[in-house]
Amino acid sequence: MPILSVQNLTKTYFVHEQERLVSTFKNLSFEVCAGESVVLSGPSGVGKSSILNCIYRTCLSDTGKILFTQRDQDQVDLIQLPDAGMLALRKSGDIGFVTQFLHSLPRKSSLEVVAQPLLKQGWKKEEALDAAADQLKLFMLRESLWNLSPSTFSGGERQRVNLARGMILQPRLLLLDEPTASLDQATSVKVMEHIMEVIKTQKMAVLSIFHDIDMIENFSDKVITVS
Amino acid sequence: MANKVLEVNNVKKVYGSECPDCLQSTGPEHASNICPSCGSIVALGGVSFDLHANECLGIVGESGSGKSTLVKSLYFDQSVTSGKAWFTDQQGERIDLFAQHAAQQRWLRNNRLGMVYQNPHIGLNFDFTVGGNIAERLLMGGSRNYAKIRSSVQSYLEKVEIPLARMDDMPADFSGGMQQRVQIAKALVTKPSLLFLDEVTTGLDLSVQARILDLILQLRYDLDVAMIVVTHDLGVVRLLADRTIVMKNGQVVEGGLTDQVLHDPQHKYTQRLISSEL
Ligand SMILES: Nc1ncnc2c1ncn2[C@@H]1O[C@H](COP(=O)(O)OP(=O)(O)OP(=O)(O)O)[C@@H](O)[C@H]1O
Ligand SMILES: Nc1ncnc2c1ncn2[C@@H]1O[C@H](COP(=O)(O)OP(=O)(O)O)[C@@H](O)[C@H]1O
Ligand SMILES: [Mg+2]
Ligand SMILES: [Mg+2]
Ligand SMILES: [Zn+2]
């Protein structure tokens, strides 16, 4: 059974101010299995980010089903799931999302930002910070930055903090929206090689968006073209 | 799934002599909370929502939309006209908040609920020392073991990062940000299961705001407490709240996971609120 099965998903936005309907994808269906890296491709504005947002409930879907296979192998439709249930899946690390934006407080160090998902689960502070340090190492963030707040970082540094935070729970389903957009070519490749290794060893299901054709070719098991 | 700490059902608050038109003629679609027939103010026109254990709920909306009226009613600072609010405490007892008599209300305020006000002059007694303010709340809750009270006061001052050396100073000698942190310690020292925060960072410097928000975030992880955060600042709910409801003219126009409400708002009013702020 796939971890994620999207069936006939449709999303439109309505902008009240302009009384305008913005339609994106219609009747979209695809699957993502454990240990698989699936990439969404298609022209800008076609609705790729909206798909990830519908799955993570950062936006609401119109119609269709988003079936997610839980740890006990029961399937839930994420569209029908109450808010509290969705929050629980996020907090437990069943579903993770790394966007291009990182909201952080000026007083929080990178280590604390990365450790946050563990702290939310009630981990002891020292253990959470140790785990965060391991992640930051894996994402090649200079150690001299670990105790500084990401609010002053470069785009690429911030993005790696964001990825480290997103990977710390090793979510069963991970959504990545242009995870390497602010990184140089060499760093992008290293970062993705690491993520691919974890996908394969931990049997994570990953759904991502890349703009770079080379990245799509090198780091996908399957490509879904959105139109 | 987590238990419900609070179930609020169809709560109304009308200032003035209610007439049959009051509820139908006010609300977001009328862009007003004043009844055109009788002139009463419908501060709350039937508000409902739930809160789960350990959850943080944000309440946003423009000034006058009824946010403070709602939390003040739940904390017994004022009465409602009608509606129900069920509160379930740590022991699992389900309490009909608006059916409690004065002594029971006092007991709940002193033992189960906490409130942090925008105005520290309401939340703190400026005639007592900072330590005295916090100790007073434990005394009101029935504690008489002075050694224990002293150690609780110290431990909560530490949690809110107030140096113990300043424990015997008066609140008036503290900065606005410190006064808010003392209020937070005072509200939490009784280990309430539900904490209300009404515009607690409004009007403070940005760096002072960040420090308080950081502290609240930390306390959320460390303590078992559900929170309701009232604010007109969307950045505050983005940071603190799991779910958010949006109020306008005394009614809830929409609610959902905070990032969903901010990213894909459904109601016309919420879309305007967000596009005007970001
Ligand atoms: N909150 C919103 N309200 C209204 N329209 C929106 C909203 N979010 C996205 N859209 C619109 O939906 C369409 C799809 O947007 P989306 O961000 O999903 O595209 P995308 O495929 O990820 O594009 P890109 O490749 O540029 O990132 C666009 O026309 C966009 O303007
Ligand atoms: N004591 C009162 N008497 C009459 N009207 C009041 C009183 N307190 C509040 N109101 C009115 O109730 C409405 C909601 O107020 P409030 O809850 O303070 O709004 P918010 O906190 O959202 O800014 C406003 O129209 C306000 O003027
Ligand atoms: Mg996009
Ligand atoms: Mg108010
Ligand atoms: Zn009336």
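Sequence-distant contacts, meaning Cα pairs under 8 Å at least 6 residues apart, place the relative contact order of chain A at 28 percent. Modelled spin labels at residue B:150 and residue B:191, positioned 7 Å past Cα toward Cβ, are 2.1 nm from each other. Once the chain from residue B:48 to residue B:206 is taken as fully extended at 0.36 nm per residue, the excess over their C-alpha distance is 53.6 nm.
The equivalent ellipsoid of segment B:15-158 has semi-axes of 35, 17, 14 Å, largest first, where each one is the square root of 5 times an eigenvalue of the Cα gyration tensor.
Amide H to amide H, with H built 1.01 Å from N, residue B:5 comes under 5 Å of B:51, B:52, B:53, counting only residues 5 or more places away or on other chains. Within the protein assembly as shown, DSSP assigns beta bridges of which about 55% are antiparallel (rounded to the nearest 5). Distances between every pair of Cα atoms in chain B, grouped in 5 Å steps from 0 to the bin holding the largest one, split as 1, 6, 12, 16, 18, 16, 14, 9, 5, 2, 1, 0 percent.
With all protein chains in place and a 1.4 Å probe, the accessible surface of segment B:72-146 carries 49 percent carbon and sulfur.
Of the solvent-accessible surface of segment B:183-278, computed with a 1.4 Å probe over protein heavy atoms with every protein chain present, carbon and sulfur atoms account for 48 percent.
In chain B, helical runs assigned H by DSSP with n ≥ 4 each contribute -39500 (n - 2.57); averaged across all residues and rounded to the nearest 500, the mean residue ellipticity at 222 nm is -10500 deg cm²/dmol. Taking all protein chains as present, what is the carbon and sulfur share of the accessible area of chain A, in % to the nearest whole number, probe 1.4 Å? Summing carbon and sulfur atoms, their accessible area is 48 percent of the total for chain A. With a simple spin-label model that places each label point 7 Å from the Cα along the Cα-to-Cβ direction, the separation between residue A:212 and residue B:121 comes to 5.9 nm.
Going highest first, how would you order B:74-82, B:223-231, B:46-54, B:167-175 by mean Cβ packing within 10 Å?
The packing order, highest mean first, is B:223-231, B:46-54, B:74-82, B:167-175.
In this view, the solvent-accessible surface of residue A:201, computed with a 1.4 Å probe and all protein chains in place, comes to about 90 Å².
Taking A:160, A:142, A:172 as the candidate residues, the one with maximal mean-square fluctuation in a Gaussian network model of chain A, Cα springs under 10 Å, is A:142. For residue A:103, the accessible surface of its heavy atoms amounts to roughly 110 Å² (probe 1.4 Å, protein chains only, rounded to the nearest 10). Extension gain, residue B:95-residue B:63: 0.36 nm per intervening residue step, less the Cα-Cα distance, totals 8.5 nm.
Taking the Cα centroid of segment A:1-78 and of segment A:86-115, what is the distance between the two, rounded to the nearest whole Å? Value for the Cα centre distance between the two parts: 21 Å. Counting only other chains, and only Cβ atoms inside 10 Å, what mean value do you get across the residues of A:211-221? The per-residue average across the peptide is 0.
Cross-link pairs exceeding 18 Å between alpha carbons, from the set A:65/A:120; B:12/B:248; B:13/B:72: A:65/A:120. At a probe radius of 1.4 Å, figure out the A/B buried accessible area, summed over both chains, and give it in Å² to the nearest 100. Counting both chains, the buried surface is close to 2300 Å². The mean accessible area for residues of the protein assembly as shown, using a 1.4 Å probe and ignoring ligands and nucleic acids, is 43 Å² per residue.
Residues of segment B:1-25 with backbone nitrogen within less than 17 Å of a virtual label 7 Å along the Cα-to-Cβ line of residue B:86, please, listed as ranges. Under cut-off, by backbone N: B:1-11.
The modelled label-to-label distance for the pair residue B:19/residue A:147, using points 7 Å beyond Cα in the direction of Cβ, is 6.8 nm.
Segment B:215-278 and segment B:53-119 have their alpha-carbon centroids 18 Å apart. Interface burial in segment A:9-51 reaches 20 Å² or more for A:13, A:16, A:17, comparing the full protein assembly with the chain by itself; accessible area from heavy atoms with a 1.4 Å probe.
Note that segment A:95-102 has calculated 3J(HN,Hα) couplings of 10, x, 9, 10, 9, 7, 9, 10 Hz, one per residue in order, obtained from phi through the Karplus relation 6.51 cos²θ - 1.76 cosθ + 1.60 (θ = phi - 60°); glycine and proline are x. Pairs of Cα atoms nearer than 8 Å and 6+ residues apart set the relative contact order; for segment B:134-207 it is 36 percent. Calculated FRET efficiency, residue A:125 to residue A:194, Cβ-Cβ distance, R0 = 22 Å: about 0.30 to the nearest 0.05. Summing Cβ point charges (Lys, Arg +1; Asp, Glu -1) relative to the Cα centre of the protein assembly as shown gives a dipole of roughly 880 debye. When the GluC sites (Glu not before Pro) in segment A:12-45 are filtered for DSSP coil states and for at most 13 other beta-carbon atoms within 10 Å of their beta-carbon, the remaining sites are A:19. Segment A:130-150 and segment A:179-227 have their alpha-carbon centroids 21 Å apart. Once you keep just the Cα pairs under 8 angstrom separated by 6 or more residues, what percentage relative contact order results for chain B? It comes to 26 percent, rounded to a whole number.
The values are calculated or read from the model by the stated rules, or taken from the named source; none is laboratory data. What you see is a predicted model; the values in this text were computed from it and never measured. Glycine gets a Cβ as well: all are built from the backbone with ideal geometry, and neighbour counts include every protein chain shown. Accessible surface is based on the protein model in full, side chains and every heavy atom, while ligands, DNA and RNA are left aside. Shrake-Rupley method; radii C 1.70, N 1.55, O 1.52, S 1.80 Å.
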